[in-house]
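Notes follow the structure.
The values are calculated or read from the model by the stated rules, or taken from the named source; none is laboratory data. Owing to the predicted nature of the structure, the values given are computational and were not obtained by experimental measurement. Using ideal geometry, Cβ is built from the backbone for each residue, glycine included, and neighbour counts are taken over all protein chains shown. Side chains are part of the model used for accessible areas, which takes the heavy atoms of the whole protein and leaves out ligands, DNA and RNA. Shrake-Rupley method; radii C 1.70, N 1.55, O 1.52, S 1.80 Å.
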Amino acid sequence: MSTTTESSTAVRSPQPAPPAAADRAAGVSPRRAARVAGVGYLVIYVLAVLANFGVRNRLVVDGDASATAANIAENLGLFRLGLVAFLAVFLVDLVIALALHVALRRVHHDLSMLAAWSRLAYTVMLGAGLVFFAQVPVMLGGAYPDALGAATDAQVMLAVRSFDAAWLIGLAVFGLHLVLVAALLLRSGYAPRVLAALLALAGVAYLADTVAHLVLPDYGAVASVMLAVVALPSMVGEGWFGLWLLRTRRLPA
């Protein structure tokens with residue numbers, strides 16, 4: 001009697017759906033998710049160049065708080081454009097984190113989830129940094145003179161540096177994200193091994209640059225070297241990865 005009941009129960013028990021069926025049920029295939037992530041990479045590349053090089057680096061003068069405050073005050077419209085661009089990067093990165101997880105979760109679900117969480121952690125740090133950045137127009141515009149008073153050049157520079165510090169810490173965990181993605185690509189065999197190696201190298205470079213900022217008493221002495229160490233593998237590796245995501249047919253459709 002009990003044997004029959006147990007057997008009947010076993011037959012009626014739902015079985016977990018295979019990965020392909022789960023993807024179809026969710027309406028998103030790994031290849032489609034990869035396309036979404038690839039488009040996201042192209043979008044944030046354009047936005048990051050605009051926000052970082054076209055706005056931040058153009059207006060902020062390292063070591064000169066007065067010049068920095070004056071530049072931003074004279075170009076508040078441009079500064080606000082940079083804020084919007086950084087905000088868009090923040091939002092698009094959320095989509096990329098999920099899309100990469102969907103694209104690579106069949107390779108190793110837990111590792112893919114950790115890669116997604118690490119990218120989300122980086123994105124949160126960028127968003128936290130934007131809170132400081134967004135206060136600069138308020139200080140210079142005197143929107144709340146009774147509460148804030150006249151902003152000093154040092155206050156403006158402190159807000160900018162606080163944004164830089166939050167982003168810098170975030171880039172360390174972004175480096176971890178790239179290393180995890182590289183490990184997933186190597187494990188899958190979908191992508192060229194050279195691409196995975198470049199992503200891993202870029203990830204280590206981001207981590208090393210953050211540590212160098214924190215421990216070196218005179219980071220400026222090695223700033224140009226560290227810029228090359230980070231920029232070369234990251235630009236080539238991440239650019240290649242974005243194009244690979246858009247064009248690959250190795251992932252399941």
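If you go through the stretch 93-107, how many residues are assigned to a helix (DSSP H, G or I), surrounded by fewer than 19 Cβ atoms within 10 Å (Cβ to Cβ) and of a type in the set (Val, Ile, Thr)?
1
Between a residue in the stretch 47-76 that is open to solvent by 60 Å² or more (accessible area, probe 1.4 Å) and any residue that is in a helix (DSSP H, G or I) and modelled with pLDDT of 90 or more, which pairs come within a Cβ distance under 6 Å, given they are 6 or more apart or on different chains?
So the pair list comes out as Leu50/Ala85.
Can you confirm whether Asp110 is at pLDDT 95 or above and in a helix (DSSP H, G or I)?
Yes, satisfied.
Just a yes or no: is a residue in the stretch 163-173 more than 17 Å from Val61 (Cβ to Cβ), in contact with a Leu (Cβ under 8 Å, 6 or more places away or on another chain) and open to solvent by 30 Å² or more (accessible area, probe 1.4 Å)?
Taking every residue of the stretch 163-173 in turn, at least one turns out to be more than 17 Å from Val61 (Cβ to Cβ), in contact with a Leu (Cβ under 8 Å, 6 or more places away or on another chain) and open to solvent by 30 Å² or more (accessible area, probe 1.4 Å).
Quick one: in the stretch 189-211, which of the residues that are surrounded by 16 or more Cβ atoms within 10 Å (Cβ to Cβ) and of a type in the set (Gly, Ala, Ser) is nearest to Val236 (Cα to Cα)?
Among those residues, the one meeting the criterion is Ala202.
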